Amino acid sequence: MTDFRKSVVYQIYPKSFRDSDGDGLGDLRGIIEKLDYIRELGVDYIWMTPFFVSPQKDNGYDVEDYYRIDPRYGTMEDFEELSREAGKRGIRLMLDMVFNHTSDRNQWFRKALEGDEKYKQFYIFRKGKAPGVPPTNWQSKFGGSAWEYVEKFDEYYLHLFDVSQPDLNWENPRVRQEIQKVVKFWMGKGVKGFRFDVINLISKSAYEDDDQGDGRRFYTDGPKIHQYLEELNAATFGTDAEIVTVGEMSSTSLENCYQYANEEGTELSMVFSFHHLKVDFMGNEKWVLVPYDFRKLKDIMFQWQTSMAEHHAWNAVFWCNHDQPRVVTRFGDEKRYWKESAKMLGTVIHCLRGTPYIYQGEELGMTNVDFRDISQFRDVESLNYYQILQDKGLTPEQAFQIIRVHSRDNGRTPMQWNDRWEAGFTDGTPWIGVNENYRYINAETEQRDENSVFFHYKKLVELRKKYDVIAYGDVQPVAKEHPQVFAYRRTWKGEELLVVNNFYGKDVVWESGLDLDGYECILENYSGCRREGGVFTLRPYESAVLYKKA
Ligand code: TEU
(Lines give C-alpha, C1' and ligand atoms only; values in the text may rest on other atoms or scores of the structure.)
Protein backbone atom coordinates (compact mmCIF):
# COMPACT_ATOMS: atom_id res chain seq x y z
CA MET A 1 0.00 0.00 0.00
CA THR A 2 1.21 3.44 -0.76
CA ASP A 3 1.89 5.37 2.37
CA PHE A 4 0.13 8.62 1.76
CA ARG A 5 1.25 9.89 5.15
CA LYS A 6 4.81 10.04 3.84
CA SER A 7 3.68 11.57 0.56
CA VAL A 8 3.38 15.11 -0.76
CA VAL A 9 0.98 16.10 -3.54
CA TYR A 10 1.65 18.78 -6.14
CA GLN A 11 -1.42 20.39 -7.66
CA ILE A 12 -1.42 21.43 -11.29
CA TYR A 13 -3.99 23.70 -12.88
CA PRO A 14 -3.29 22.54 -16.44
CA LYS A 15 -4.71 25.63 -18.10
CA SER A 16 -2.06 27.79 -16.43
CA PHE A 17 0.89 25.44 -16.06
CA ARG A 18 2.72 25.26 -19.38
CA ASP A 19 1.50 25.78 -22.94
CA SER A 20 3.39 23.54 -25.39
CA ASP A 21 1.71 24.68 -28.62
CA GLY A 22 1.42 28.44 -28.38
CA ASP A 23 -2.38 28.76 -28.21
CA GLY A 24 -2.16 30.52 -24.84
CA LEU A 25 -3.69 27.61 -22.88
CA GLY A 26 -1.65 25.15 -20.87
CA ASP A 27 -1.85 21.51 -21.93
CA LEU A 28 -0.83 17.94 -21.10
CA ARG A 29 2.30 18.04 -23.25
CA GLY A 30 3.29 21.12 -21.29
CA ILE A 31 3.10 19.07 -18.10
CA ILE A 32 5.26 16.34 -19.69
CA GLU A 33 7.89 19.00 -20.48
CA LYS A 34 8.03 20.01 -16.82
CA LEU A 35 8.11 16.59 -15.15
CA ASP A 36 11.79 16.90 -14.29
CA TYR A 37 11.07 20.14 -12.49
CA ILE A 38 8.37 18.40 -10.45
CA ARG A 39 10.65 15.49 -9.71
CA GLU A 40 13.29 17.85 -8.42
CA LEU A 41 10.80 19.07 -5.84
CA GLY A 42 10.52 15.46 -4.67
CA VAL A 43 6.73 15.08 -4.61
CA ASP A 44 4.91 11.77 -5.00
CA TYR A 45 1.65 12.71 -6.70
CA ILE A 46 0.42 15.22 -9.22
CA TRP A 47 -3.21 16.20 -8.83
CA MET A 48 -4.47 17.76 -12.06
CA THR A 49 -7.71 19.72 -12.12
CA PRO A 50 -10.18 18.54 -14.81
CA PHE A 51 -9.06 18.36 -18.44
CA PHE A 52 -12.09 16.50 -19.78
CA VAL A 53 -14.24 17.77 -22.65
CA SER A 54 -15.95 20.86 -21.30
CA PRO A 55 -17.35 24.19 -22.45
CA GLN A 56 -14.99 25.70 -19.81
CA LYS A 57 -17.59 27.92 -18.18
CA ASP A 58 -15.96 26.96 -14.88
CA ASN A 59 -12.57 25.97 -16.30
CA GLY A 60 -13.33 22.30 -16.66
CA TYR A 61 -15.44 21.80 -13.51
CA ASP A 62 -18.32 21.69 -15.97
CA VAL A 63 -17.77 18.27 -17.53
CA GLU A 64 -19.37 17.50 -20.87
CA ASP A 65 -17.76 14.08 -21.36
CA TYR A 66 -16.05 12.19 -18.55
CA TYR A 67 -14.34 9.78 -20.94
CA ARG A 68 -12.66 12.19 -23.33
CA ILE A 69 -9.90 14.72 -23.03
CA ASP A 70 -10.64 18.23 -24.19
CA PRO A 71 -8.65 18.70 -27.44
CA ARG A 72 -7.43 22.02 -26.06
CA TYR A 73 -5.51 20.02 -23.44
CA GLY A 74 -4.39 17.20 -25.72
CA THR A 75 -5.27 13.62 -26.58
CA MET A 76 -5.61 10.30 -24.80
CA GLU A 77 -2.17 9.41 -26.17
CA ASP A 78 -0.75 12.51 -24.49
CA PHE A 79 -2.37 11.43 -21.24
CA GLU A 80 -0.92 7.93 -21.51
CA GLU A 81 2.51 9.33 -22.23
CA LEU A 82 2.21 11.67 -19.28
CA SER A 83 1.26 8.77 -17.06
CA ARG A 84 4.23 6.67 -18.28
CA GLU A 85 6.73 9.50 -18.02
CA ALA A 86 5.51 10.46 -14.55
CA GLY A 87 5.73 6.81 -13.51
CA LYS A 88 9.36 6.63 -14.63
CA ARG A 89 10.05 9.47 -12.23
CA GLY A 90 8.21 7.85 -9.34
CA ILE A 91 5.27 10.22 -9.63
CA ARG A 92 1.65 9.12 -9.69
CA LEU A 93 -1.31 10.92 -11.16
CA MET A 94 -4.38 11.98 -9.24
CA LEU A 95 -7.42 12.92 -11.33
CA ASP A 96 -10.15 15.35 -10.38
CA MET A 97 -13.63 13.84 -10.52
CA VAL A 98 -16.58 16.23 -10.60
CA PHE A 99 -19.67 14.25 -9.67
CA ASN A 100 -21.92 16.68 -7.86
CA HIS A 101 -22.87 18.17 -11.21
CA THR A 102 -22.17 17.99 -14.94
CA SER A 103 -22.06 20.61 -17.64
CA ASP A 104 -25.41 21.49 -19.22
CA ARG A 105 -23.78 20.29 -22.44
CA ASN A 106 -23.28 16.77 -21.08
CA GLN A 107 -25.32 14.32 -23.17
CA TRP A 108 -27.27 13.26 -20.06
CA PHE A 109 -28.50 16.79 -19.56
CA ARG A 110 -29.14 17.36 -23.24
CA LYS A 111 -31.35 14.27 -23.30
CA ALA A 112 -33.06 15.46 -20.13
CA LEU A 113 -33.89 18.77 -21.79
CA GLU A 114 -35.22 16.92 -24.81
CA GLY A 115 -37.75 15.43 -22.40
CA ASP A 116 -36.24 11.94 -22.10
CA GLU A 117 -37.66 10.80 -18.73
CA LYS A 118 -34.79 8.44 -18.02
CA TYR A 119 -32.32 11.30 -18.18
CA LYS A 120 -34.56 13.84 -16.48
CA GLN A 121 -34.23 11.52 -13.49
CA PHE A 122 -30.44 12.02 -13.65
CA TYR A 123 -30.94 15.61 -12.48
CA ILE A 124 -33.07 17.44 -9.95
CA PHE A 125 -36.15 18.98 -11.54
CA ARG A 126 -38.89 20.46 -9.36
CA LYS A 127 -42.03 22.55 -9.74
CA GLY A 128 -41.88 26.17 -8.58
CA LYS A 129 -43.73 27.26 -5.44
CA ALA A 130 -45.88 29.64 -7.43
CA PRO A 131 -45.63 31.12 -10.92
CA GLY A 132 -42.20 32.70 -11.20
CA VAL A 133 -41.10 31.47 -7.75
CA PRO A 134 -38.38 28.78 -7.57
CA PRO A 135 -38.93 25.61 -5.50
CA THR A 136 -36.77 26.89 -2.62
CA ASN A 137 -34.85 30.03 -1.71
CA TRP A 138 -31.43 28.32 -1.99
CA GLN A 139 -28.56 30.39 -3.31
CA SER A 140 -25.99 29.26 -5.85
CA LYS A 141 -22.39 29.31 -4.60
CA PHE A 142 -21.60 31.55 -7.54
CA GLY A 143 -24.43 33.98 -6.72
CA GLY A 144 -28.16 34.20 -7.45
CA SER A 145 -30.84 31.51 -7.16
CA ALA A 146 -29.73 27.87 -7.24
CA TRP A 147 -32.71 27.05 -9.51
CA GLU A 148 -33.09 27.68 -13.23
CA TYR A 149 -36.46 27.73 -14.93
CA VAL A 150 -37.09 25.50 -17.94
CA GLU A 151 -40.15 26.78 -19.74
CA LYS A 152 -40.78 23.61 -21.71
CA PHE A 153 -41.43 21.63 -18.50
CA ASP A 154 -42.63 24.54 -16.38
CA GLU A 155 -40.04 23.22 -13.90
CA TYR A 156 -36.75 24.29 -12.42
CA TYR A 157 -33.47 22.39 -12.18
CA LEU A 158 -31.05 22.68 -9.28
CA HIS A 159 -27.54 24.05 -9.77
CA LEU A 160 -25.53 24.67 -6.59
CA PHE A 161 -22.83 26.25 -8.78
CA ASP A 162 -23.16 28.03 -12.14
CA VAL A 163 -26.40 27.80 -14.10
CA SER A 164 -24.42 25.73 -16.63
CA GLN A 165 -23.62 23.13 -13.91
CA PRO A 166 -26.85 21.17 -13.14
CA ASP A 167 -26.66 18.96 -10.01
CA LEU A 168 -26.83 15.20 -10.47
CA ASN A 169 -29.49 13.19 -8.69
CA TRP A 170 -27.54 10.69 -6.60
CA GLU A 171 -30.81 9.19 -5.30
CA ASN A 172 -31.08 7.56 -8.71
CA PRO A 173 -29.13 4.25 -8.71
CA ARG A 174 -28.48 4.66 -12.44
CA VAL A 175 -26.54 7.84 -11.78
CA ARG A 176 -24.42 6.08 -9.19
CA GLN A 177 -23.70 3.25 -11.62
CA GLU A 178 -22.66 5.67 -14.36
CA ILE A 179 -20.29 7.35 -11.94
CA GLN A 180 -18.77 4.03 -10.96
CA LYS A 181 -18.16 3.35 -14.65
CA VAL A 182 -16.27 6.62 -15.00
CA VAL A 183 -14.01 5.86 -12.03
CA LYS A 184 -13.33 2.34 -13.30
CA PHE A 185 -12.49 3.67 -16.75
CA TRP A 186 -9.73 5.87 -15.34
CA MET A 187 -8.54 3.12 -13.01
CA GLY A 188 -8.15 1.07 -16.18
CA LYS A 189 -5.77 3.76 -17.43
CA GLY A 190 -3.57 3.14 -14.40
CA VAL A 191 -4.64 6.17 -12.40
CA LYS A 192 -3.70 5.78 -8.72
CA GLY A 193 -5.34 8.80 -7.17
CA PHE A 194 -8.63 10.64 -7.22
CA ARG A 195 -9.76 13.97 -5.87
CA PHE A 196 -13.54 14.21 -5.59
CA ASP A 197 -14.90 17.69 -6.14
CA VAL A 198 -17.41 19.02 -3.53
CA ILE A 199 -18.28 15.41 -2.81
CA ASN A 200 -20.04 16.13 0.49
CA LEU A 201 -22.82 18.01 -1.35
CA ILE A 202 -24.21 15.04 -3.28
CA SER A 203 -26.87 13.94 -0.79
CA LYS A 204 -29.74 16.40 -0.47
CA SER A 205 -32.05 15.98 2.52
CA ALA A 206 -35.15 17.98 1.63
CA TYR A 207 -36.07 20.67 -0.83
CA GLU A 208 -37.32 23.28 1.60
CA ASP A 209 -36.84 26.99 2.13
CA ASP A 210 -33.94 27.79 4.42
CA ASP A 211 -35.08 30.47 6.84
CA GLN A 212 -31.62 30.60 8.44
CA GLY A 213 -29.33 30.73 5.44
CA ASP A 214 -28.62 29.94 1.81
CA GLY A 215 -29.79 26.33 1.84
CA ARG A 216 -26.50 24.64 2.61
CA ARG A 217 -27.87 22.86 5.68
CA PHE A 218 -30.11 20.83 3.35
CA TYR A 219 -27.29 19.39 1.28
CA THR A 220 -23.97 19.66 3.17
CA ASP A 221 -22.89 16.28 4.63
CA GLY A 222 -26.41 15.07 3.74
CA PRO A 223 -28.17 11.99 5.14
CA LYS A 224 -26.89 9.44 2.63
CA ILE A 225 -23.40 10.82 2.05
CA HIS A 226 -21.56 8.10 3.97
CA GLN A 227 -23.60 5.39 2.29
CA TYR A 228 -22.81 6.80 -1.17
CA LEU A 229 -19.10 7.04 -0.44
CA GLU A 230 -18.94 3.53 0.95
CA GLU A 231 -20.73 2.26 -2.10
CA LEU A 232 -18.38 4.08 -4.49
CA ASN A 233 -15.37 2.86 -2.53
CA ALA A 234 -16.52 -0.78 -2.57
CA ALA A 235 -17.42 -0.74 -6.26
CA THR A 236 -14.33 1.09 -7.53
CA PHE A 237 -11.14 2.40 -5.90
CA GLY A 238 -11.55 0.33 -2.74
CA THR A 239 -10.53 -2.73 -4.76
CA ASP A 240 -7.02 -1.32 -5.26
CA ALA A 241 -5.07 -0.68 -2.06
CA GLU A 242 -2.62 1.55 -3.94
CA ILE A 243 -5.21 4.16 -4.80
CA VAL A 244 -5.25 7.34 -2.74
CA THR A 245 -8.38 9.48 -2.53
CA VAL A 246 -9.17 12.93 -1.23
CA GLY A 247 -12.60 14.47 -0.88
CA GLU A 248 -13.19 18.16 -1.16
CA MET A 249 -15.56 18.90 1.73
CA SER A 250 -17.42 22.16 1.49
CA SER A 251 -18.54 23.71 4.84
CA THR A 252 -18.18 20.30 6.48
CA SER A 253 -18.04 19.28 10.15
CA LEU A 254 -15.37 17.46 12.12
CA GLU A 255 -17.79 14.69 13.04
CA ASN A 256 -18.41 13.88 9.41
CA CYS A 257 -14.73 14.04 8.54
CA TYR A 258 -13.87 11.48 11.24
CA GLN A 259 -15.91 9.12 9.15
CA TYR A 260 -14.98 10.28 5.64
CA ALA A 261 -11.27 9.90 6.26
CA ASN A 262 -11.04 7.23 8.91
CA GLU A 263 -7.98 5.00 9.04
CA GLU A 264 -10.24 1.97 8.88
CA GLY A 265 -10.90 3.21 5.38
CA THR A 266 -14.37 2.45 4.11
CA GLU A 267 -14.74 5.90 2.52
CA LEU A 268 -11.73 8.06 1.56
CA SER A 269 -8.03 8.40 2.42
CA MET A 270 -8.27 12.05 3.43
CA VAL A 271 -10.26 15.28 3.30
CA PHE A 272 -9.85 18.90 2.40
CA SER A 273 -11.73 21.24 4.73
CA PHE A 274 -11.81 25.02 4.41
CA HIS A 275 -12.69 26.52 7.78
CA HIS A 276 -9.13 27.77 8.30
CA LEU A 277 -9.37 29.72 5.05
CA LYS A 278 -12.48 31.63 6.07
CA VAL A 279 -10.63 33.71 8.64
CA ASP A 280 -10.70 36.72 6.34
CA PHE A 281 -14.45 36.39 5.74
CA MET A 282 -17.31 37.78 7.83
CA GLY A 283 -19.00 34.54 8.92
CA ASN A 284 -19.65 32.80 5.63
CA GLU A 285 -19.53 36.05 3.67
CA LYS A 286 -16.46 36.08 1.46
CA TRP A 287 -17.11 39.31 -0.45
CA VAL A 288 -16.05 41.78 2.26
CA LEU A 289 -12.73 43.34 3.21
CA VAL A 290 -11.67 42.46 6.74
CA PRO A 291 -8.19 41.71 8.09
CA TYR A 292 -7.58 38.03 8.77
CA ASP A 293 -7.96 36.79 12.32
CA PHE A 294 -4.73 35.08 13.42
CA ARG A 295 -6.11 33.63 16.66
CA LYS A 296 -9.02 32.13 14.82
CA LEU A 297 -6.71 30.67 12.21
CA LYS A 298 -4.67 28.95 14.88
CA ASP A 299 -7.70 27.75 16.84
CA ILE A 300 -9.26 26.17 13.79
CA MET A 301 -6.07 24.53 12.57
CA PHE A 302 -5.23 23.15 16.00
CA GLN A 303 -8.74 21.89 16.51
CA TRP A 304 -8.71 20.01 13.21
CA GLN A 305 -5.24 18.67 13.88
CA THR A 306 -5.92 17.28 17.33
CA SER A 307 -9.50 16.11 16.82
CA MET A 308 -8.80 14.29 13.57
CA ALA A 309 -5.83 12.58 15.23
CA GLU A 310 -7.91 11.52 18.25
CA HIS A 311 -10.44 9.96 15.90
CA HIS A 312 -7.84 8.27 13.70
CA ALA A 313 -8.76 10.31 10.67
CA TRP A 314 -6.46 11.98 8.16
CA ASN A 315 -6.32 15.56 6.87
CA ALA A 316 -5.02 16.98 3.64
CA VAL A 317 -3.09 20.09 4.80
CA PHE A 318 -2.79 23.12 2.55
CA TRP A 319 -2.98 26.88 2.14
CA CYS A 320 -3.36 27.21 -1.59
CA ASN A 321 -5.33 25.81 -4.48
CA HIS A 322 -6.94 27.13 -7.64
CA ASP A 323 -9.86 28.58 -5.64
CA GLN A 324 -7.75 30.56 -3.17
CA PRO A 325 -5.75 33.76 -3.27
CA ARG A 326 -1.98 33.27 -2.86
CA VAL A 327 -0.99 32.63 0.75
CA VAL A 328 2.10 34.85 0.89
CA THR A 329 -0.12 37.85 0.12
CA ARG A 330 -2.91 36.64 2.36
CA PHE A 331 -1.09 35.71 5.59
CA GLY A 332 2.47 36.84 4.87
CA ASP A 333 4.04 40.09 3.69
CA GLU A 334 4.83 39.96 -0.02
CA LYS A 335 6.41 43.43 0.04
CA ARG A 336 8.81 43.60 2.97
CA TYR A 337 9.33 39.95 3.91
CA TRP A 338 8.36 38.07 0.79
CA LYS A 339 10.91 35.30 1.04
CA GLU A 340 10.84 34.93 4.81
CA SER A 341 7.08 34.79 5.05
CA ALA A 342 6.68 32.43 2.07
CA LYS A 343 9.13 30.01 3.72
CA MET A 344 7.54 30.33 7.14
CA LEU A 345 4.08 29.57 5.76
CA GLY A 346 5.39 26.52 3.93
CA THR A 347 6.99 25.24 7.13
CA VAL A 348 3.77 25.63 9.14
CA ILE A 349 1.86 23.38 6.71
CA HIS A 350 4.49 20.77 5.92
CA CYS A 351 5.33 19.88 9.51
CA LEU A 352 1.69 19.30 10.48
CA ARG A 353 -0.02 15.93 10.75
CA GLY A 354 -1.59 15.30 7.35
CA THR A 355 -0.65 15.02 3.70
CA PRO A 356 0.63 18.37 2.42
CA TYR A 357 -0.50 19.79 -0.92
CA ILE A 358 1.61 22.29 -2.84
CA TYR A 359 -0.25 24.34 -5.42
CA GLN A 360 1.74 25.24 -8.55
CA GLY A 361 3.82 28.35 -7.96
CA GLU A 362 3.41 28.23 -4.18
CA GLU A 363 6.88 26.66 -4.06
CA LEU A 364 8.16 29.83 -5.75
CA GLY A 365 6.32 32.17 -3.42
CA MET A 366 3.97 33.37 -6.17
CA THR A 367 1.79 36.26 -5.01
CA ASN A 368 -1.63 37.73 -5.70
CA VAL A 369 -1.97 39.91 -8.77
CA ASP A 370 -2.00 43.70 -8.81
CA PHE A 371 -5.23 43.76 -10.85
CA ARG A 372 -6.03 47.22 -12.24
CA ASP A 373 -9.22 46.64 -14.16
CA ILE A 374 -12.19 44.28 -14.19
CA SER A 375 -11.37 43.28 -17.77
CA GLN A 376 -8.37 41.34 -16.40
CA PHE A 377 -10.60 38.80 -14.64
CA ARG A 378 -11.74 35.52 -16.18
CA ASP A 379 -13.43 33.62 -13.35
CA VAL A 380 -17.20 33.21 -13.56
CA GLU A 381 -17.50 33.63 -9.77
CA SER A 382 -15.58 36.94 -9.77
CA LEU A 383 -17.52 38.32 -12.71
CA ASN A 384 -20.87 37.32 -11.18
CA TYR A 385 -20.02 38.93 -7.84
CA TYR A 386 -18.75 42.10 -9.46
CA GLN A 387 -22.32 42.57 -10.65
CA ILE A 388 -24.03 41.29 -7.50
CA LEU A 389 -22.05 43.64 -5.25
CA GLN A 390 -23.08 46.59 -7.40
CA ASP A 391 -26.70 45.43 -7.35
CA LYS A 392 -26.38 45.58 -3.55
CA GLY A 393 -25.44 49.25 -3.80
CA LEU A 394 -21.61 49.26 -3.91
CA THR A 395 -19.88 51.50 -6.43
CA PRO A 396 -17.98 49.78 -9.27
CA GLU A 397 -14.73 50.82 -7.55
CA GLN A 398 -15.77 49.33 -4.19
CA ALA A 399 -16.86 46.11 -5.89
CA PHE A 400 -13.58 45.95 -7.80
CA GLN A 401 -11.50 46.35 -4.61
CA ILE A 402 -13.24 43.38 -3.01
CA ILE A 403 -12.94 41.16 -6.09
CA ARG A 404 -9.28 42.08 -6.38
CA VAL A 405 -8.50 40.64 -2.96
CA HIS A 406 -10.67 37.53 -2.97
CA SER A 407 -10.79 36.52 -6.62
CA ARG A 408 -9.88 32.95 -7.47
CA ASP A 409 -8.00 34.40 -10.46
CA ASN A 410 -5.23 35.41 -8.03
CA GLY A 411 -4.26 31.76 -8.00
CA ARG A 412 -4.87 31.11 -11.67
CA THR A 413 -2.38 33.30 -13.51
CA PRO A 414 0.30 31.42 -15.46
CA MET A 415 3.09 29.54 -13.75
CA GLN A 416 6.24 31.68 -13.74
CA TRP A 417 9.00 29.61 -15.34
CA ASN A 418 11.58 32.26 -16.26
CA ASP A 419 12.06 36.00 -16.82
CA ARG A 420 11.47 35.92 -20.57
CA TRP A 421 8.38 36.19 -22.83
CA GLU A 422 5.18 35.65 -20.82
CA ALA A 423 7.26 34.11 -18.03
CA GLY A 424 8.02 31.09 -20.21
CA PHE A 425 4.42 29.92 -19.95
CA THR A 426 3.55 30.31 -23.64
CA ASP A 427 4.98 31.53 -26.93
CA GLY A 428 1.62 33.10 -27.69
CA THR A 429 -0.81 35.23 -25.71
CA PRO A 430 -1.86 33.70 -22.39
CA TRP A 431 -5.58 33.20 -21.67
CA ILE A 432 -5.11 35.25 -18.47
CA GLY A 433 -2.37 37.81 -17.87
CA VAL A 434 0.96 36.87 -16.29
CA ASN A 435 1.73 38.42 -12.91
CA GLU A 436 4.15 41.31 -13.47
CA ASN A 437 6.55 40.12 -10.79
CA TYR A 438 7.67 37.14 -12.95
CA ARG A 439 10.96 38.94 -13.54
CA TYR A 440 12.16 38.04 -10.08
CA ILE A 441 9.68 35.37 -8.96
CA ASN A 442 10.26 32.46 -11.35
CA ALA A 443 11.45 28.87 -11.35
CA GLU A 444 14.68 29.37 -13.30
CA THR A 445 15.98 32.06 -10.94
CA GLU A 446 15.00 30.13 -7.84
CA GLN A 447 16.44 26.81 -8.96
CA ARG A 448 19.83 28.55 -9.15
CA ASP A 449 19.62 29.94 -5.64
CA GLU A 450 19.96 27.61 -2.67
CA ASN A 451 18.43 30.25 -0.49
CA SER A 452 15.21 30.43 -2.50
CA VAL A 453 11.64 29.61 -1.56
CA PHE A 454 11.87 26.71 -4.03
CA PHE A 455 14.79 25.15 -2.13
CA HIS A 456 12.95 25.60 1.12
CA TYR A 457 9.98 23.63 -0.20
CA LYS A 458 12.32 20.99 -1.54
CA LYS A 459 13.77 20.61 1.96
CA LEU A 460 10.31 20.42 3.49
CA VAL A 461 9.46 17.50 1.20
CA GLU A 462 12.75 15.80 2.12
CA LEU A 463 12.11 16.21 5.84
CA ARG A 464 8.80 14.35 5.63
CA LYS A 465 10.58 11.43 3.99
CA LYS A 466 13.46 11.46 6.43
CA TYR A 467 11.73 11.92 9.79
CA ASP A 468 8.94 9.56 10.79
CA VAL A 469 7.81 12.01 13.45
CA ILE A 470 6.64 14.37 10.70
CA ALA A 471 4.66 11.72 8.88
CA TYR A 472 3.29 9.77 11.83
CA GLY A 473 3.71 11.78 15.02
CA ASP A 474 1.05 13.04 17.40
CA VAL A 475 0.49 16.74 17.44
CA GLN A 476 0.28 19.11 20.41
CA PRO A 477 -0.41 22.83 20.11
CA VAL A 478 2.03 25.06 22.00
CA ALA A 479 1.31 28.59 23.24
CA LYS A 480 -2.23 28.40 21.93
CA GLU A 481 -3.13 31.86 23.18
CA HIS A 482 -0.04 33.66 21.91
CA PRO A 483 -1.06 36.55 19.63
CA GLN A 484 1.97 36.30 17.34
CA VAL A 485 3.57 32.85 17.55
CA PHE A 486 2.31 29.70 15.82
CA ALA A 487 4.06 26.75 17.46
CA TYR A 488 3.43 23.04 17.87
CA ARG A 489 5.12 19.83 18.94
CA ARG A 490 5.08 16.46 17.29
CA THR A 491 6.10 13.23 19.05
CA TRP A 492 6.69 9.71 17.80
CA LYS A 493 8.58 6.78 19.28
CA GLY A 494 11.26 8.80 21.03
CA GLU A 495 11.48 11.44 18.31
CA GLU A 496 10.39 14.98 19.00
CA LEU A 497 9.82 17.93 16.75
CA LEU A 498 9.18 21.51 17.74
CA VAL A 499 7.97 23.90 15.05
CA VAL A 500 8.16 27.60 15.93
CA ASN A 501 6.89 30.40 13.72
CA ASN A 502 6.55 34.15 14.05
CA PHE A 503 3.47 35.07 12.02
CA TYR A 504 4.16 38.81 12.03
CA GLY A 505 6.60 41.37 10.60
CA LYS A 506 7.93 42.39 14.02
CA ASP A 507 10.39 40.80 16.43
CA VAL A 508 9.07 38.86 19.35
CA VAL A 509 10.66 37.52 22.49
CA TRP A 510 8.78 34.36 23.34
CA GLU A 511 9.22 32.55 26.64
CA SER A 512 8.24 29.09 25.59
CA GLY A 513 8.64 27.50 29.01
CA LEU A 514 10.03 24.45 27.20
CA ASP A 515 13.20 22.58 27.95
CA LEU A 516 15.13 22.83 24.70
CA ASP A 517 18.08 20.70 25.73
CA GLY A 518 19.18 18.27 23.08
CA TYR A 519 17.26 19.84 20.25
CA GLU A 520 19.02 20.59 16.97
CA CYS A 521 17.68 22.95 14.33
CA ILE A 522 16.91 21.04 11.12
CA LEU A 523 15.32 23.84 9.10
CA GLU A 524 15.14 27.61 9.36
CA ASN A 525 14.50 30.67 7.22
CA TYR A 526 17.16 32.91 8.85
CA SER A 527 20.53 31.66 9.84
CA GLY A 528 21.03 30.83 13.50
CA CYS A 529 17.79 30.42 15.39
CA ARG A 530 18.22 32.56 18.54
CA ARG A 531 17.24 30.62 21.65
CA GLU A 532 18.53 30.88 25.18
CA GLY A 533 17.14 28.49 27.74
CA GLY A 534 13.51 28.27 26.77
CA VAL A 535 13.38 31.79 25.36
CA PHE A 536 13.16 32.45 21.64
CA THR A 537 13.98 35.80 20.05
CA LEU A 538 12.28 35.62 16.71
CA ARG A 539 12.81 38.00 13.80
CA PRO A 540 10.01 39.01 11.38
CA TYR A 541 8.31 35.86 10.04
CA GLU A 542 11.10 33.74 11.46
CA SER A 543 10.54 30.02 11.43
CA ALA A 544 12.53 27.16 12.90
CA VAL A 545 12.10 23.40 13.06
CA LEU A 546 13.85 21.77 16.02
CA TYR A 547 14.41 18.04 16.35
CA LYS A 548 15.46 15.72 19.13
CA LYS A 549 15.86 12.00 19.36
CA ALA A 550 15.71 10.44 22.81
O1 TEU B 1 -14.87 24.19 -5.43
C2 TEU B 1 -15.93 24.21 -4.54
C3 TEU B 1 -16.10 25.42 -3.82
O4 TEU B 1 -16.83 25.36 -2.84
C5 TEU B 1 -15.41 26.68 -4.25
O6 TEU B 1 -15.48 26.91 -5.60
C7 TEU B 1 -16.08 27.75 -3.54
O8 TEU B 1 -17.43 27.77 -3.89
C9 TEU B 1 -15.53 29.08 -3.88
O10 TEU B 1 -14.17 29.11 -3.74
C11 TEU B 1 -16.21 30.00 -2.92
O12 TEU B 1 -15.84 31.27 -3.10
C13 TEU B 1 -14.83 23.19 -6.39
C14 TEU B 1 -13.71 23.48 -7.36
O15 TEU B 1 -12.49 23.45 -6.67
C16 TEU B 1 -13.98 24.80 -8.02
O17 TEU B 1 -12.94 25.21 -8.84
C18 TEU B 1 -15.27 24.64 -8.81
O19 TEU B 1 -15.63 25.88 -9.35
C20 TEU B 1 -16.41 24.14 -7.93
O21 TEU B 1 -16.04 23.05 -7.11
C22 TEU B 1 -17.54 23.65 -8.79
O23 TEU B 1 -17.20 22.46 -9.41
Next on the checklist: Condition first: charged (D, E, K, R), open to solvent by 10 Å² or more (accessible area, probe 1.4 Å) and within 33 Å of the chain's Cα centre (by Cα). Now tell me which residues in segment 521-550 satisfy that.
Outcome noted: 524, 539, 548
Checklist entry - Are there any pairs, at least 6 apart or on different chains, whose C-beta atoms fall under 7 Å, with the first in segment 39-57 and closer than 19 Å to residue 72 by Cα and free of Cβ contacts under 8 Å to residues at least 40 places away in the same chain and the second in a loop (DSSP other than H, G, I, E, B) and among the hydrophobic types (A, V, I, L, M, F, W, C), and if so, which? => result 52/63
Checklist entry - Checking residue 271 against (1) under 28 Å from residue 385 (Cβ atoms); (2) open to solvent by 10 Å² or more (accessible area, probe 1.4 Å), which test does it fail? => result (2)
Checklist entry - Does residue 17 fit the bill of being farther than 25 Å from residue 445 by Cβ, in contact (Cβ under 8 Å) with a residue 12 or more places away in the chain and crowded, with 19+ Cβ neighbours inside 10 Å? => result no
Checklist entry - Among the residues of segment 109-119, which ones are in contact (Cβ under 8 Å) with a residue 24 or more places away in the chain and either in contact with a His (Cβ under 9 Å, 6 or more places away or on another chain) or surrounded by fewer than 22 Cβ atoms within 10 Å (Cβ to Cβ) (or both)? => result 113, 115, 118
Next on the checklist: Consider segment 98-120. How many of its residues are among the acidic types (Asp, Glu) and within 15 Å of the ligand (Cβ to nearest atom)?
Outcome noted: 1
Checklist entry - So which residues in segment 307-348 are under 23 Å from residue 379 (Cβ atoms), more than 16 Å from the ligand (Cβ to nearest atom) and open to solvent by 20 Å² or more (accessible area, probe 1.4 Å), if there are any at all? => result 329, 334
Checklist entry - Which is open to solvent by 60 Å² or more (accessible area, probe 1.4 Å), aromatic (Phe, Trp, Tyr), away from the ligand (no atom under 15 Å from the Cβ) and modelled with pLDDT of 95 or more, of 73, 67, 123, 45? => result 67
Checklist entry - Just one of the numbered conditions (1) within 23 Å of residue 487 (Cβ to Cβ); (2) within 16 Å of the ligand (Cβ to nearest atom); (3) not β-branched (Val, Ile, Thr) is not true of residue 272; which one? => result (1)
Item to check | Subset of segment 34-65 (residues that are over 16 Å from the mean Cα position of the chain (by Cα) and within 24 Å of residue 378 (Cβ to Cβ)) | outcome: 34, 51, 52, 53, 54, 55, 56, 57, 62, 63, 64, 65
Checklist entry - If you go through segment 497-522 one residue at a time, how many are in contact (Cβ under 8 Å) with a residue 60 or more places away in the chain, within 29 Å of residue 291 (Cβ to Cβ) and not in a loop (DSSP other than H, G, I, E, B)? => result 3
Checklist entry - Going through segment 168-203 one residue at a time, which ones are part of a strand (DSSP E or B) and within 30 Å of residue 81 (Cβ to Cβ)? => result 193, 194, 195, 196
Next on the checklist: Just to check your reading of the model, which residue among 163, 150, 175 is away from the ligand (no atom under 16 Å from the Cβ), touching a residue at least 40 places away in the same chain (Cβ under 8 Å) and not polar (S, T, N, Q)?
Outcome noted: 175
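The values are calculated or read from the model by the stated rules, or taken from the named source; none is laboratory data. Bear in mind that the values here come from a model prediction, so they are computed numbers and not experimental data. Neighbour counts run over all protein chains shown; Cβ positions are idealised from the backbone, glycine included. In case anyone asks, the SASA skips ligands and DNA or RNA and just uses the protein heavy atoms, side chains included. Shrake-Rupley method; radii C 1.70, N 1.55, O 1.52, S 1.80 Å.
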